Every structure is written in structure tokens, then in C-alpha cells.
Amino acid sequence: MADTVSRLTFLKSRIIELADMAGRDKEGEARALAAELSAELDRLMAEAAAPAGGEPDQQRPAPRAPRDEVERCPVCSLRSFHFQRGSIRESVNGGFEAFYRCGSCAHEGWRELP
């Protein structure tokens, strides 16, 4: 992280230098410096996008909608707790969870997917 901060600080100083060159009508030097800065920013973005530790990012299987999209509501006990399509997300414990809403009492909540 410290290396990234120092590189970004260097880029910031070079951008200030580029602005000064543009003000002094040094178009050729300004274009060369702009290309150099653009390449450095591309390298930083590629490094930021790469997974930490150099390990390849393992693809997890995509979550599927629950088999039974209607469950018993934990509040009103009626079978009206409906799965909300498009609401599946990754949970903090590494699995997946889906958002449900009761059509009877309006209770809302997240449920773990098996």
C-alpha cells in the first residue's frame, strides 16, 4: 500500500509539471509526459485489479434461486414470505443469501441459501 501511495504522489507531481508545460507552450514535451503518465496509470490499474497474493481468482459457481420461492414468514407465520428476484448477494460467511418480503405483514429479511 505504501508503494502505491508513493507512486500516486509521484504521478501527482508529474501532472503538476504537465500543467506547467502546457502553460509555457511546450506542446511536444507535454504530449510525451501525458503518454508516460497514462501508461503508468494503466499499470497501477492493472495491479489494483489483480488478485492479492498472486493467486488466480477462483470462480465460484453462480448462486441459484431458492427451490421454494415462498416460505413461512417468521413474524406472522403465514406462508407469504416471498423471494425477491434479483436480490441474491454474497453473505459475510462466504455463502449466498437472498432477500425475502412478506406479502401479508410486510416483514423483510435476508435468508441464507442452501
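Among 73-86, 17-30, sorting by the average number of other beta carbon atoms lying within 10 angstrom of each residue, highest first, gives 73-86, 17-30.
Taking only Cα atoms, what is the 0 to 90° angle, nearest 10, from helix 2-23's long axis to the longest principal axis of the chain? Once rounded, one gets 50 degrees.
Per DSSP H run of at least 4 residues, take -39500 (n - 2.57); add these up for the chain, divide by its residues and hand me the 222 nm value, nearest 500 deg cm²/dmol. List each step's numbers first, then the result.
On the way: 2 runs with 45 residues, N = 114.
So the helix-based figure for the chain works out to -14000 deg cm²/dmol.
Cβ under 10 Å from A30's Cβ, A30 left aside: what net charge do those residues give with Lys, Arg +1 and Asp, Glu -1?
Values: positive: R24, K26, R31; negative: E17, D20, D25, E27, E29.
Summing Lys and Arg as +1 and Asp and Glu as -1 gives -2.
The Cα trace of the chain gives Rg and Dmax of 25.8, 75 Å, the first to one decimal, the second as a whole number. The angle separating the long axis of helix 27-49 from the principal Cα axis of greatest extent in the chain is about 30 degrees. Note on the chain: with neighbouring protein chains present and a 1.4 Å probe, carbon and sulfur make up 54 percent of its accessible heavy-atom surface.
The values are calculated or read from the model by the stated rules, or taken from the named source; none is laboratory data. On a predicted model such as this, the values are computed, not experimentally measured, just so you know. Cβ sites come from the backbone with ideal geometry, for glycine too, and all protein chains shown count toward neighbours. What goes into the accessible areas is simple: the full protein's heavy atoms, side chains included, and nothing from ligands, DNA or RNA. Shrake-Rupley method; radii C 1.70, N 1.55, O 1.52, S 1.80 Å.
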